[in-house]
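To keep things clear, I will list the structure first and then write my remarks on it.
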Amino acid sequence: MTELTCIVCPVGCRIRVERDGNELKISGHGCPRGLTYAREEITAPKRILTAVVKVAGSKRMLPVKTKVAIPKAKLFPAMQEIKAITVSSPVTVGQVITDNLAESGVPLVATGTIPGDD
Ligand code: SF4
């Protein structure tokens, strides 16, 4: 049996997952979103990745995040790719920095703004 703490909302339900052959028996979730979370966490875990990227000609860093969660197996190659990115100002919040981070099919977007004169 595996015990998980659901991270989908602040309630933090303790969810128990038992394997029964090819089936998963999931209990302890307070809502359907927790059921989906537990099933994904056991079969194909994903995470939203947050980081910063360099801004050309500036000491400031631009905060970024993946638009949706990416497979955990993609986190390391994604960080390697993010380290090599330098953006040019201006950048606005929500702007796509790269549209297929680490070949995950998920865009990396700005979560901050860098004005043009920075
Ligand atoms: S199972 Fe539902 S209620 Fe419980 S923490 Fe997850 S999202 Fe929140």
Checklist entry - In the set LYS59, LYS83, LYS74, which member is away from the ligand (no atom under 16 Å from the Cβ), surrounded by 13 or more Cβ atoms within 10 Å (Cβ to Cβ) and not aromatic (Phe, Trp, Tyr)? => result LYS74
Item to check | Index of the failed condition, ARG19 passing every other in (1) of a type outside the set (S, T, N, Q); (2) under 27 Å from MET1 (Cβ atoms); (3) part of a loop (DSSP other than H, G, I, E, B) | outcome: (3)
Next on the checklist: Please go through (1) assigned to a loop (DSSP other than H, G, I, E, B); (2) not assigned by TED's automatic domain parsing to the domain that holds CYS13 for GLU81 and return the number of the only condition it doesn't satisfy.
Outcome noted: (1)
Item to check | Residue satisfying all of: in the stretch 1-17; surrounded by 12 or more Cβ atoms within 10 Å (Cβ to Cβ) and more than 10 Å from the ligand (Cβ to nearest atom); nearest to GLY30 (Cα to Cα) among these | outcome: ARG16
Item to check | Of residues in the stretch 90-118 being β-branched (Val, Ile, Thr) and in a strand (DSSP E or B), the one nearest to LYS46 (Cα to Cα) | outcome: VAL109
Next on the checklist: Only one of LYS65, LYS25 is closer than 26 Å to LEU101 by Cα and not hydrophobic (A, V, I, L, M, F, W, C). Can you tell me which?
Outcome noted: LYS65
Item to check | Residue ID - nearest to ALA69 (Cα to Cα), chosen from residues in the stretch 85-102 that are touching a residue at least 24 places away in the same chain (Cβ under 8 Å) and out of contact with any Pro (no Cβ under 8 Å at 6 or more places or on another chain) | outcome: ILE85
Item to check | Subset tally (residues that are more than 10 Å from the ligand (Cβ to nearest atom), surrounded by fewer than 17 Cβ atoms within 10 Å (Cβ to Cβ) and either free of Cβ contacts under 8 Å to residues at least 60 places away in the same chain or among the aromatic types (Phe, Trp, Tyr) (or both)) for the stretch 18-50 | outcome: 17
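The values are calculated or read from the model by the stated rules, or taken from the named source; none is laboratory data. Quick caveat, the model's predicted, so the values are computed rather than measured. Heads up, the Cβs are rebuilt from the backbone with ideal geometry, glycines too, and the neighbour counts pull from every protein chain shown.
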